[in-house]
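The block underneath contains the structure these notes are about, expressed in structure tokens.
The values are calculated or read from the model by the stated rules, or taken from the named source; none is laboratory data. Here the structure is a predicted model, which is why all the values come from computation and not from measurement. No Cβ is skipped: glycine too gets one built from the backbone with ideal geometry, and neighbour counts run over all protein chains shown. The area values use the complete protein model at the heavy-atom level, side chains included, leaving out ligands, DNA and RNA. Shrake-Rupley method; radii C 1.70, N 1.55, O 1.52, S 1.80 Å.
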Amino acid sequence: MTTTQLDTVLPPPPRWAVAAAHAAALVTLPSGVWRLLLAVGFTVGYTEAGYEAMGFTGWGGVYVVGLSLGGELLALLTLGLVRPWGEVLPRWIPLVGGRRPNPRAKTVTASLGAAVLTLLLAQFAFWWAFPHPDMTPLGSTIAGILYLPLVAWGPLLAAVTLDHHRRRRAAGL
């Protein structure tokens, strides 16, 4: 295995930023696992009628699996802001392996992602304020608990992005 030597060295990320990046990668797991269970046929909190109405079978199941996997892959990209592979992409990645991502594009994309995630996912903080007639009472509570960590995804990404930007600026990059 070959490694690419960086011609510029970023200061190492602080421990809190590494922890926040890992947390951002983990907050999508509870809701993702719940959606995967829905896709394979478990009603996990829905009434039978509610489960049928949501359309989790067929293409709906494919969508839910794609949503879960895509969300986790996007969340894992946060680690690139605190790891060397975020500075030079691994060679095994087709077409772009071994290249440096544009630092400005990386920061702008991560910042926009953090803003969008914060706006879209903040609603889950208010899960219990709205009725969910297609779910059982216990199922609604469990779903709310499983989706609540998503509220932190945007702010965590924003904090890690800000730290990454500050470290690049401190290194004169």
Fill in the blank from the handout: Counting only residues 5 or more apart in sequence or on a different chain, those whose built amide H sits under 5 Å from that of Met135 are Thr47
Exercise for the section: Would you mind telling me which residue in Trp16, Trp128, Trp92 has the biggest mean-square fluctuation in a Gaussian network model of the chain, where springs connect alpha carbons within a distance under 10 angstrom? Expected result: Trp92
Exercise for the section: Using R₀ = 30 Å, calculate the FRET efficiency as 1/(1 + (r/R₀)^6) where r is the Cβ-Cβ separation of Ala105 and Leu37; round to 0.05. Expected result: 0.25
Handout entry: Dipole magnitude of the range 64-118 about its Cα centre (Cβ charges: Lys, Arg +1; Asp, Glu -1), debye to nearest 20
Key = 260 debye
Practice task
Rank His164, Ala122, Tyr147 by how far each Cα sits towards the positive end of the charge dipole of the chain (+1 on Lys, Arg Cβ; -1 on Asp, Glu Cβ) and give me just the farthest.
Solution key: His164
Fill in the blank from the handout: In deg cm²/dmol, rounded to the nearest 500, the helical mean residue ellipticity at 222 nm of the chain, built from -39500 (n - 2.57) for every DSSP H run of length 4 or more, is -18000 deg cm²/dmol
Practice task
Mind sorting out which of (i) -0.38, -1.28; (ii) -0.40, -1.14; (iii) -0.48, -1.11 is the real log10 I(q)/I(0) by the Debye sum over Cα atoms at q = 0.10, 0.18 Å⁻¹ computed from the coordinates?
Solution key: (iii)
Exercise for the section: Springs between alpha-carbon atoms under 10 Å, Gaussian network over the chain: tell me which of Pro103, Pro155, Pro133 tops the mean-square fluctuations. Expected result: Pro133
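What's the extension gain from Thr57 to Phe130 if we count 0.36 nm per residue and subtract their Cα-Cα distance?
Working: separation 73, 0.36 × 73 = 26.28 nm, distance 2.54 nm.
This chain segment gains 23.7 nm when fully extended.
When the accessible area of the chain is computed with all protein chains present and a 1.4 Å probe, what percentage of it is carbon and sulfur?
On the way: 7540 of 10450 Å².
Ligands and nucleic acids excluded, carbon and sulfur give 72 percent.
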Exercise for the section: Quick one: angle between helix 153-170 and the longest Cα principal axis of the chain, in degrees between 0 and 90, rounded to 10, please. Expected result: 0 degrees
Exercise for the section: Once you've got the GNM for the chain with C-alpha springs shorter than 10 Å, pick whichever of Tyr46, Tyr147, Tyr63 has the biggest mean-square fluctuation. Expected result: Tyr63
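Would the range 88-160 count as rounded, prolate or oblate if I go by the C-alpha gyration tensor, calling it rounded below 1.5 in a/c and otherwise prolate when a/b exceeds b/c, oblate otherwise? Provide the component values of the computation, followed by the final result.
On the way: a/c = 4.23, a/b = 2.44, b/c = 1.73.
Because a/c hits 1.5 or more and a/b exceeds b/c, the range 88-160 counts as prolate.
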